[in-house]
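The structure appears right after this line, and notes come after that.
The values are calculated or read from the model by the stated rules, or taken from the named source; none is laboratory data. Since the model is a prediction, treat every value here as computed from it, not as a measurement. We place every Cβ from the backbone using ideal geometry, glycine too, and count neighbours over all the protein chains shown. Just the protein is used for accessible areas: all its heavy atoms, side chains included, with ligands, DNA and RNA removed. Shrake-Rupley method; radii C 1.70, N 1.55, O 1.52, S 1.80 Å.
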4 protein chains.
Amino acid sequence: MIGGGKDAFIGAIHRIAANMDGLIELCCGALSINPDVAIDSGKSLFLPEDRIYTSYEEMIKKESERPANDRMDFVTIVTPNFAHFAPAMMALDHGFHVVIEKPITFSLEEAKLLHQKVQETGLLLCLTHTYSGYPMVKQARAMVKEGVLGKIRKVWVEYPQGWLSKLSEKEGNKQAAWRTDPTKSGKAGAMGDIGTHASHLAEYITGAEITHLCADLNALVEGRILDDDGNVLLRMSNGARGVLMASQVAAGEENAVKIRIYGEKGGLEWAQHEPNTLIVKWLDQPTQILRAGAGYTGWLSSFATHNCRTPGGHPEGYLEAFGNIYRNFALSLAAKIDGTTPTPEMLDFPGTYDGLRGMAFIENVVASSASTEKWTTYTL
Amino acid sequence: MIGGGKDAFIGAIHRIAANMDGLIELCCGALSINPDVAIDSGKSLFLPEDRIYTSYEEMIKKESERPANDRMDFVTIVTPNFAHFAPAMMALDHGFHVVIEKPITFSLEEAKLLHQKVQETGLLLCLTHTYSGYPMVKQARAMVKEGVLGKIRKVWVEYPQGWLSKLSEKEGNKQAAWRTDPTKSGKAGAMGDIGTHASHLAEYITGAEITHLCADLNALVEGRILDDDGNVLLRMSNGARGVLMASQVAAGEENAVKIRIYGEKGGLEWAQHEPNTLIVKWLDQPTQILRAGAGYTGWLSSFATHNCRTPGGHPEGYLEAFGNIYRNFALSLAAKIDGTTPTPEMLDFPGTYDGLRGMAFIENVVASSASTEKWTTYTL
Amino acid sequence: MIGGGKDAFIGAIHRIAANMDGLIELCCGALSINPDVAIDSGKSLFLPEDRIYTSYEEMIKKESERPANDRMDFVTIVTPNFAHFAPAMMALDHGFHVVIEKPITFSLEEAKLLHQKVQETGLLLCLTHTYSGYPMVKQARAMVKEGVLGKIRKVWVEYPQGWLSKLSEKEGNKQAAWRTDPTKSGKAGAMGDIGTHASHLAEYITGAEITHLCADLNALVEGRILDDDGNVLLRMSNGARGVLMASQVAAGEENAVKIRIYGEKGGLEWAQHEPNTLIVKWLDQPTQILRAGAGYTGWLSSFATHNCRTPGGHPEGYLEAFGNIYRNFALSLAAKIDGTTPTPEMLDFPGTYDGLRGMAFIENVVASSASTEKWTTYTL
Amino acid sequence: MIGGGKDAFIGAIHRIAANMDGLIELCCGALSINPDVAIDSGKSLFLPEDRIYTSYEEMIKKESERPANDRMDFVTIVTPNFAHFAPAMMALDHGFHVVIEKPITFSLEEAKLLHQKVQETGLLLCLTHTYSGYPMVKQARAMVKEGVLGKIRKVWVEYPQGWLSKLSEKEGNKQAAWRTDPTKSGKAGAMGDIGTHASHLAEYITGAEITHLCADLNALVEGRILDDDGNVLLRMSNGARGVLMASQVAAGEENAVKIRIYGEKGGLEWAQHEPNTLIVKWLDQPTQILRAGAGYTGWLSSFATHNCRTPGGHPEGYLEAFGNIYRNFALSLAAKIDGTTPTPEMLDFPGTYDGLRGMAFIENVVASSASTEKWTTYTL
């Protein structure tokens, strides 16, 4: 693991997610750019002293020198956005598979290079777009693909948070500080941090891509540099129209990702606050409540059931969704190592193409917001 | 009552709403442009035969010739959009107050003339924007006005319906037929029918006005002429950003008006599906559930309590909200007749200015949708 | 109307419910035992002076002396429990139909006499057990009757309120005072006031009767005389087991009537807080949400659709449920007057047998609570 | 781990829960009484071959012979109820701490002996009553303890499941087979399997104990031997009255544990289906929604925050609640090993006294159900 030392939020999440199914074991780490923190963090995670590194370069180099059966299998990169690209490229160059926190890189250019590198090396790269790890998100995708709703007409995705309602970056909030600083976060604030999740969710479930957008991004808290709120009109490759909303100043909201999709015959609604439920609405019959892990057979896609650990009524949450991405990556990796063929369900985790589109989304949405033209053509 | 004969949806609703509180009695009617239907409908409503009229002209003329203490006090107009203006003008010219179903007229021009006429005559005109009749909508408005949320930053209003997901206007659905026909409905479809409700709700609660908008209207059902779906970016006079969504092809949705408003300190959420609840979200304390009719004192505004008929836990709904508009109109009218001063709570019903803005909303949103410019300045 | 003067809660509710559909007009009243209040209340309701009476005896006598086509058609009795029986008997004796607020009488004995009188006279008596007026309660009853759930195994009905959590009867709360006073309310407190609603709901929906019960009633607020809380185990004539809970000291609850019924194949859940929804749970398929007024055909019983005034998504509430009871009574009465046959849907309103069972429920539950035997056989 | 081989439900859950926080590592196992299954299961969990045992006796003996720093620290017992006692006693006798799936033993007698043994040895025994691992359950307990609700008056706990609505034990369902077989499950069916959870939850949150109960247990599915449904009236040591319901034939329900508690000043409601929410109802102010992991300070007890891994809006579920029990056990164990003092938050996991009460609950509830006396005094 690179990054994720003490006080880092997402590093701890990655470790829980990776631990969950007993398929992955943390064996080494370069957990901070601060050597003291790196060492201290490594010790508190019970890492062997000789595998606590103080830089990612050292880790990748030394691990690659270890015997093949006693080195790390892959690298997880959980540093801030600006420090994703270099370790990822180096890891791939040394033959290590990679798991990377989103957004994949700092710029679209880096994302393209990384995508190319993954294709050249044939190694696996997994991008932790958590929300696509939820079983009922996968169920939604499967239902759209099977045509249950008919042609899709409308996509309505929203991601309201409230935690940046004050100018917290000036009040010692470390999480706020780097996320609102363009030199660390990139061109966009809320749109990069959470808008990319919303965009990914919309494209993942519909199986279509955004082709045009019209964005209104704003920094609504006085003194903030990057956008903390944005509303975007969407046109998609399947003809659907839509709206994407992402806000970090929706005071009182926690992390309320929600998506609604409407087709000719019905609609789907999924909200992360109750993630084990997929609401299925119909033109000509009562609304149905599909539940993760439910006992009724024939209703849930194999992509949903593969990603449940418990029977219905035992709520699984964010960590399990995160764990599903790790689990599928690990199963695909194991299959690769064993020379077997992973199932489509195992291979269903986000990769560099998703990362590339995430970076392109940021570029396009920022460009659109600055433009007086209504529609910006989404370019990759 | 003009219009509202057999088979008409909204006429029956008006009668229930007007009856509810025992303040209003139906005394005469010109209930259909078809004389047979008019007479038949009048009889089935127990109207005296000599006050069943076959045209609004006849009704207004004959009623105005009756003794002052035995004529109708006001006229309710529940005809399709294109037939609002003429009877309203004639009624006002003959000294009758008017209640009118929204949208107020067929065109902005008519709305302006009507607004002017009301101001000249000093008569009351009430526009039945139902959703502003709900007590918890009034509570939301009062809380915003009192500054409870601080400066408002974001408005998010949506109105999804699914009933026009098929080309029903070609399949004998009378309600669908006139609403999707530009010669009867006006320039806009969904935006006129329900988008105006959403726009009114946003402006009513925030006490601010839309100043700029960027609209994407579409006819998503093949063969339809007017918009059946639209997404609109908003900028408001209080600096808030927002989105307005109105759709009649959100398959499986009933009539799901919902609004969320976020300020510096917290947010409000109100949905018509559970209208007796106002969710109040806070930055620094747990979310609260405010309930119509609740026994706790000091939390509910006089505007909310004035519009409740029952204690908490006895759900009031759409008809009561509609009834509140009639009740406030009737109380204001009674005060006018009695020469007393109506309270601010009584006077809190929509009028011609709201109607004017509704028509302007349609004009502006249609213009914006046709434009390649991102922002259209909202003009009245 | 007898009772229901100024400050009375339920009288105003009855008037709104009766007005709602334009089928019933208030023509006279003896609105209070206090003559001044009676007169004052009558005037404020625009009653003609000669039909404002100061006692029910006077009203019934004088009205029966008026010409047949100009007298009241029926009497509504909304006095406290102890003053139901005498006016009801007198009205029936004078040939007037009766609507009566529940519980039907003060004692089981009175209820039996009244039941007998109704059968002898052939007149209509309607008991306003409001909750059975909701369309989705009728839908539930229809589904059980059709056997959709298979044999019913379990009934779980609850009615928590919180408004008597303090000793309000000693603090000037008039509603609390008579309800907690055995000389006015009868043998039971919460069980009489709301437990009877719960019991009626359970029997109405299942179409079965309670045969045995085991009750634990308590006065949980110090100083209170009658029960303010009770839990009752049930055995029913269809073999189902169940629980009935009624409490007026469930602090923070409003009026949260809820019932769940489980059969071999599935379950139903209805809660008054969201009365337009019936949740249908299945063993072998996803839960469904049935909605009052919904556009899908073939799912809703004629008993449900007959009792809806608006399309799906226009919430109807407590007053409409109350109105449905009046409307069905009025339609049945009109049919009787016209010599036509009312439909089963019209005749579906509670009557003296329901009232009788309500009184018997009180007797049995109080007896059981006092007994050391586990099971008390329910006797009528 | 003893038990929990292939096809076992709860064994896999224990492993995920134990893995989650990186504090516990599975080092050996006697995973099935079938040696082939035991070996096969061990291999698939990557256990070293010499630590895959085919009986718990072998495991405990051999592990205790290993060097102190290379043997298992504790034993997890996840066998069916009848096979809990013997391995637990043997483990304690050999100095191993124990984690045990509930119910703690097959009989009350065994539970007493085990409780005594734990007290004699001073070793830790953790009983996995999962629901008390949820942060918002701990919050509820803390609030009751602090007196926020005033004196507690009413407890209302329910646990409906529907999965035994058919005679599945005769249709090859292994989980159903042992749970409905008195020789494997004990005296009670649903009451043992899930009623004990409900009872534990009620006592854990209120900090009070059941003193009297009145039970109606039934086998509602024809052909079933043990109870599959039961309703129980409760009296508690704090004077509260209550009801406990547990059913496995509530067709269409998943695993819907829910508890409501009312005191003089307000009420609490927690439901496992939305476990991150605690609803707090008040007599004199709006209902509040307390959320696990929420950012507002001063509202959540240290017992709640200690048991959250993520910020508000990242739902944690059943596995995390299970994980909390393991985590607190592991932290307490680590403190014991390190010679430090565990915090009260760490020590907050169920133990033998809870297990003892669970067994006593079964005894008492079965005795009460068989009795014609209304109240059975709860004896330990």
*Which of the residues in the stretch A:284-299 show a loss of at least 20 Å² in accessible area from their chain by itself to the complete set of protein chains, at a probe of 1.4 Å?*
A:Asp284, A:Gln285, A:Pro286, A:Thr287, A:Gln288, A:Ile289, A:Arg291, A:Tyr296, A:Trp299
*Cross-link partners among aspartates and glutamates for D:Lys6, C-alpha distance below 14 Å, same-chain residues fewer than 8 apart left out?*
D:Asp36, D:Asp40
*Note down the net charge around B:Met89, summing +1 for each Lys or Arg and -1 for each Asp or Glu among other residues with Cβ under 13 Å from its Cβ.*
-3
_Could you tell me the center-to-center distance, by alpha carbons, between the stretch C:303-380 and the stretch B:319-334 in angstrom?_
31
*So how far apart, in nm, are the two label points at B:Glu209 and D:Glu109 if each is 7 Å from Cα heading toward Cβ?*
8.7
*Per residue, how much accessible area does chain B show when a 1.4 Å probe rolls over the protein heavy atoms, in square angstrom?*
34
*Net charge near C:Lys374, counting Lys/Arg +1 and Asp/Glu -1 over other residues with Cβ under 10 Å of its Cβ?*
-2
*What's the percent breakdown of Cα-Cα distances in the protein assembly as shown across 10 Å bins, shortest bin first?*
1, 7, 15, 19, 19, 17, 11, 6, 3, 1, 0, 0
*Before anything else, pin down the relative contact order of the stretch D:127-232: Cα pairs under 8 Å, at least 6 apart, normalised by residue count, whole percent.*
29
*Rounded to the nearest 20 Debye, what is the dipole magnitude of the protein assembly as shown about its Cα centre when Lys and Arg each give +1 and Asp and Glu each give -1 at the C-beta?*
0
*Over the stretch B:295-358, what is the relative contact order in whole percent, taking alpha-carbon pairs under 8 Å and six or more residues apart?*
28
_Area buried, chain C against chain B - accessible surface, total, 1.4 angstrom probe, square angstrom_ = 2400
*asked:* Which residue fluctuates most in the GNM of chain B (Cα springs below 10 Å): B:Phe46, B:Phe85, B:Phe361?
replied: B:Phe46
*asked:* Please give me, ordered by residue number, the trypsin sites (Lys or Arg not before Pro) of the stretch D:108-203 that lie in loop per DSSP and have at most 16 other Cβ atoms within 10 Å.
replied: D:Lys151
*Do you know which residues of the stretch A:133-159 lose at least 10 square angstrom of accessible area in the protein assembly compared with their chain on its own, with a 1.4 angstrom probe?*
A:Arg153, A:Lys154, A:Trp156, A:Glu158
*Could you give, in nm with one decimal, how far B:Tyr353 is from each other copy of that position, shortest first, with labels 7 Å out from Cα toward Cβ?*
5.6, 6.0, 6.8
*For chain B, what are the DSSP H helices with axial Cα length of 18 Å or more and mean Kyte-Doolittle hydropathy of at least -1.0?*
B:108-121, B:318-338, B:352-370
*Using a probe of 1.4 angstrom, how much of the accessible area of the protein assembly as shown is carbon and sulfur, in percent?*
53
*Label-point gap, in nm, between C:Leu347 and A:Ser302 - each point 7 angstrom along Cα→Cβ*: 5.7
*For the stretch C:77-204, what does the alpha-carbon gyration tensor say about shape, rounded, prolate or oblate, given a ≥ b ≥ c as the root eigenvalues, a/c under 1.5 as rounded, and a/b over b/c as prolate?*
oblate
*Averaged over A:19-26, number of beta-carbon atoms from partner chains that fall within 10 Å*: 5
*asked:* Please report the net charge: other residues with Cβ closer than 13 Å to the Cβ of C:Gln116, K and R +1, D and E -1.
replied: -2
_What distance in nm separates the two pseudo spin-label positions at A:Ala370 and C:Thr183, each 7 Å out from Cα along the beta-carbon direction?_
8.5
*asked:* Taking the Cα centre as origin and putting +1 on Lys and Arg beta-carbons and -1 on Asp and Glu beta-carbons, what dipole magnitude results for the stretch A:50-168, to the nearest 20 debye?
replied: 800
_DSSP beta bridges in the protein assembly as shown [antiparallel fraction, %, rounded to 5]_ = 70
*Rg/Rg_ref, the stretch D:134-217, where Rg_ref = 2.2 N^0.38 Å and atoms are Cα*: 1.39
*Given label points at 7 Å from Cα along Cα→Cβ, what nm distances, shortest first, separate D:Glu171 from the same residue in every other copy?*
3.7, 5.4, 5.7
*asked:* Quick check for me: using +1 on Lys/Arg Cβ and -1 on Asp/Glu Cβ, what's the dipole size of the stretch C:202-265 about its Cα centre, in debye to the nearest 20?
replied: 360
_What's the ranking of D:292-300, A:22-30 by average number of surrounding C-beta atoms within 10 Å, highest first?_
A:22-30, D:292-300
*What shape does the stretch D:1-91 take by its C-alpha gyration tensor, where a ≥ b ≥ c are the square roots of the eigenvalues and a/c under 1.5 counts as rounded, a/b above b/c as prolate, and the rest as oblate?*
rounded
*Taking the DSSP beta bridges in the stretch D:154-292 as the whole, what percent of them are antiparallel, to the nearest 5?*
80
_Within chain B, helix-based [θ] at 222 nm, where runs of 4 or more DSSP H residues each add -39,500 (n - 2.57), nearest 500_ = -10500 deg cm²/dmol
*Out of all DSSP beta bridges with both ends in chain C, state the antiparallel percent to the nearest 5.*
70
*Which shape class applies to chain C: rounded if a/c is under 1.5, otherwise prolate when a/b exceeds b/c and oblate if not, where a ≥ b ≥ c are the square roots of the Cα gyration tensor eigenvalues?*
oblate
*Would you be so kind as to identify which of D:Gly186, D:Ala88, D:Leu234 lies farthest towards the positive end of the dipole of chain D, taking Lys and Arg as +1 and Asp and Glu as -1 on Cβ and the Cα centre as origin?*
D:Leu234
*In the stretch C:245-329, with Lys and Arg counted as +1 and Asp and Glu as -1 at Cβ, which of these residues, C:Phe329, C:Tyr262, C:Trp282, has the Cα nearest the positive end of the dipole, that is, farthest along it?*
C:Phe329
*Could you tell me which residue in chain A puts its beta carbon nearest the axis mapping A onto B, with the distance rounded to whole Å?*
A:Lys374, 2
_Just to be sure I follow the rule: in the stretch B:89-213, considering lysines 8 or more places apart or on different chains, how many pairs have Cα atoms under 15 Å apart?_
5
*Taking accessible area as the heavy-atom solvent-accessible surface of the protein chains with a 1.4 Å probe, which residues of the stretch B:339-380 lose no less than 30 Å² upon going from the isolated chain to the full protein assembly?*
B:Thr372, B:Lys374
*Using the 7 Å Cα-to-Cβ label point, sort the distances from D:Gly207 to its equivalents in the other copies shortest first and give them in nm to one decimal.*
4.5, 5.1, 5.7
*Could you list the GluC sites (Glu not before Pro) in the stretch A:204-293 that lie in coil according to DSSP, counting only those with at most 12 other Cβ atoms within 10 Å of their Cβ?*
A:Glu222
